[in-house]
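> Take a look at this one; I'll ask things after.
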Amino acid sequence: MPFAPVLHAEWIKIRTLRSLLGALAGTFLATTAFSAAEAAAGDHTDPLYSVFFGVSLGQIAAIAFGVTAVSAEFRGGALRLTLSAVPDRRRWFAAKATAIALPSLAVGLLTGLVTLLVGKALLGTSGPTWTEGLRGTVGCGLQLTLMALFAAGLAAVLRSGVATLSVLIPFVLIVSFVVGDLSGGVADFLPDRAGQVALHSTWDGSLGPWSGLAVTGLWAAAALLAGGWSLHRTDA
Amino acid sequence: MTSIDVRDLSKEYGGRRAVDQLTFSVRSGRVTGFLGPNGAGKSTTMRLVLGLDRPTSGAATIGGQAYAALREPLSQVGALLDARAAHGSRSARDHLRALAASNRIPVRRVDAVLEETGLATVARRRVRTYSLGMRQRLGIAAALLGDPEVLLLDEPANGLDPEGIIWIRTLLRRLAGEGRTVLVSSHLMGETAAFADHLVILGKGRLLADTPVQEFIHARVRPLVRVRTTDTAALDDLLARHGLDASRDEDGTRTVRHARVDDLGRLMAEAGVPVLELAAQDATLEEAYLDLTAAETEFTALPQET
């Protein structure tokens with residue numbers, strides 16, 4: 001079966017569900033709003049993170065996007081209809097992941113750009129350099145996309161939106177705000193933290209901005225492979 | 001000529017056999033009713049045919065091919081499994097458009113099936129606002145989307161109003177008339193006999209019957225004769241002498257089992273028993289079906305004490 005029609009179908013499914021469009025809008029709004037609030041009020045010891053602070057909360061909306069896009073298939077026999085149209089499950093899941101990744105990346109990059117412009121306007125001379133800022137913008141786009149994919153993979157393993165969100169949201173909030181303070185340790189390698197290294201001007205840990213994103217990328221790839229394997233193995 | 005062929009098909013769930021060494025074929029050009037009590041394995045068999053569940057052993061093919069091997073399957077096989085498959089927040093048209101896109105089916109087919117199933121005027125409403133009958137029609141629209149040669153419909157009449165039931169009967173007859181292969185499951189014999197040519201009956205995952213509807217009626221439906229007389233004592237005596245078993249109704253009417261009007265009429269004339277009424281009565285098809293499946297029913301209700 002060719003890939004393009006399956007991707008087209010998955011794209012139609014995403015743009016025709018208001019909750020998914022809402023999650024994408026939420027990703028943009030949460031990231032820009034919390035970033036602006038931090039830039040306006042924070043201490044600015046790390047100028048880049050002062051601008052991109054909101055990503056740590058915006059990724060919760062990105063997670064909701066990835067989870068909802070997949071979990072919609074596990075309601076009321078929807079997956080059976082989907083797989084009766086596309087029996088090649090791995091190809092279908094690859095199309096689903098692509099249909100999640102593309103809008104996430106587009107919204108993520110736009111979010112990064114707006115966040116950067118707002119942050120630089122608020123911070124003025126104490127803000128990050130343009131080079132740093134562009135790295136942050138790309139990092140923001142990739143981190144949000146990778147978290148959406150990580151969540152999508154996990155949702156396919158757990159076969160439930162509620163179960164996936166009740167694992168991931170406390171995980172992101174607790175890791176970011178409790179365990180995350182003990183930075184430099186294992187917490188740096190957790191998916192929501194590793195990619196955020198790219199959003200800091202300086203970082204003490206063993207990860208750099210791109211290796212950090214690569215670690216989050218590995219988490220997302222592992223979750224997607226597990227999801228694809230689970231779909232392939234399990235009766236629909 | 002596309003047939004559905006099920007060969008030695010078995011499916012176990014945690015040691016329980018939902019489908020047990022099932023072998024049957026569904027031929028084109030006729031409606032095959034797929035009957036059995038709840039839990040008999042009808043839906044499981046359909047999922048196995050569609051490659052959604054993996055069989056424990058055996059195989060199911062459509063036109064000689066495993067479903068998973070079909071390229072763009074919607075134009076060859078259409079299926080209705082669950083009326084809840086459409087997302088409540090999406091419109092019926094968007095639901096069908098996504099499905100059509102995956103198999104490169106043109107959008108005009110979406111509008112055509114919406115028209116055909118009577119949903120055209122509500123096509124842009126969100127599915128959440130639909131009644132069960134409308135969702136069922138949407139599921140049938142999805143099955144018809146690719147204009148397929150083979151149709152598998154799981155309880156399509158579920159939730160339809162009387163008008164909808166007549167519509168589905170006509171639709172099924174027409175689809176079979178066009179030479180398509182149509183498999184329709186139901187747990188109601190009366191409903192199925194109204195449109196099916198052939199019956200495949202399951203009980204506890206096993207095949208109980210694979211027979212034309214007419215043959216099933218001839219072989220299984222026991223004839224009954226209803227008779228009324230002024231002299232009930234003489235009639236009862238006559239019946240007893242000929243070993244005929246009869247139930248006694250309150251107004252003196254007797255319902256005689258395993259008898260024919262021709263025989264009983266002659267016997268009564270010979271014995272001089274006056275006849276007020278003598279009529280053949282077919283035991284319902286439903287009863288014959290229940291007799292067949294009674295021993296195989298998964299969930300039998302306990303007799304109620306009165």
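> For segment B:130-160 and segment B:241-274, what is the separation of their C-alpha centers, rounded to whole Å?
Their Cα centres are 48 Å away from one another.
> To make sure I understand, if each residue's beta carbon is the centre and we count other beta carbons within 10 Å, what order do B:Y67, B:Y13 fall in, fewest to most?
By the 10 Å Cβ count, ascending, the order reads B:Y13, B:Y67.
> Additional query: Based only on Cα atoms, what mean projected area does the convex hull of the protein assembly as shown have, in nm²?
33.0
> Still on this model: Where Lys and Arg each count +1 and Asp and Glu each count -1, what net charge lies around B:E72 among other residues with Cβ under 15 Å from its Cβ? Intermediate results must be reported in sequence, preceding the final value.
On the way: positive: A:R91, B:R71, B:R104, B:R109; negative: A:D88, B:D147, B:E149.
That works out to +1.
> Using a 10 angstrom cutoff on alpha carbons, build the Gaussian network for chain B and name the most mobile of B:G41, B:G252, B:G64.
Largest GNM mean-square fluctuation: B:G252.
> Select from B:A234, B:A123, B:A142 the residue whose mean-square fluctuation is largest in a Gaussian network model of chain B (Cα-Cα springs shorter than 10 Å).
Looking only at B:A234, B:A123, B:A142, the largest GNM fluctuation is found for B:A234.
> List the pair-distance distribution P(r) of segment B:222-283, using every Cα-Cα distance, as the percent of pairs falling in each 10 Å bin from 0 up to the bin containing the longest distance, rounded to whole percents.
24, 66, 10
> Okay, moving on. How would you rank B:18-31, A:77-90, highest first, on the average number of other Cβ atoms within 10 Å across their residues?
A:77-90, B:18-31
> Take chain B, connect every pair of alpha-carbon atoms lying under 10 Å apart with a spring to form a Gaussian network, then pick out the residue of B:D291, B:D263, B:D197 with the largest mean-square fluctuation.
Highest fluctuation of the listed residues: B:D263.
> May I pose another question? Tell me the mean residue ellipticity at 222 nm calculated for the protein assembly as shown from its helices only (DSSP H runs of n ≥ 4, each -39500 (n - 2.57), averaged over every residue, nearest 500).
-16500 deg cm²/dmol
> Just to verify a number: FRET efficiency for A:S230 and B:R260, C-beta to C-beta distance, R0 = 56 Å, to 0.05?
My answer for the efficiency is 0.35.
> A follow-up question, please. Enter the angle in degrees (range 0 to 90, nearest 10) between the Cα long axis of helix A:55-71 and the first principal axis of the Cα atoms of chain A, meaning the one along which they spread out most.
Roughly 0 degrees between the two axes.
> What list of ³J(HN,Hα) values in whole Hz, one per residue of segment A:108-113 in order, does the Karplus curve 6.51 cos²θ - 1.76 cosθ + 1.60 (θ = phi - 60°) give from phi, with Gly and Pro shown as x?
x, 5, 4, 4, x, 5
> Can you run phi through the Karplus equation (6.51, -1.76, 1.60; θ = phi - 60°) for segment A:84-100 and list ³J(HN,Hα) in whole Hz, with x for Gly and Pro?
6, 7, 10, x, 7, 5, 5, 5, 4, 5, 4, 5, 4, 5, 5, 5, 7
> Just report the Cα centroid separation between segment A:68-142 and segment B:105-128, whole Å.
That distance is 32 Å.
> Amide H neighbours of B:G78 under 5 Å, counting only residues 5+ apart in sequence or on other chains, H built in-plane at 1.01 Å?
So B:G78 has HN proximity to B:V150, B:L151, B:L152.
> Output the relative contact order of chain A, whole-number percent, from Cα pairs under 8 angstrom with separation of 6+ residues.
25
> Averaged across B:99-111, how many Cβ atoms of other chains sit within 10 Å of each residue's Cβ atom?
Going residue by residue through B:99-111 and averaging, the value is 4.
> Over the whole of A:85-91, what's the average partner chain Cβ count within 10 Å per residue? Rounded to a whole number, please.
5
Throughout, read-outs are computed from the coordinates displayed, never taken from laboratory work. Please read all numbers here as calculations on a predicted model, not as lab measurements. Reconstructed Cβ throughout: ideal geometry from the backbone, glycine too, with neighbour counts over all protein chains shown.
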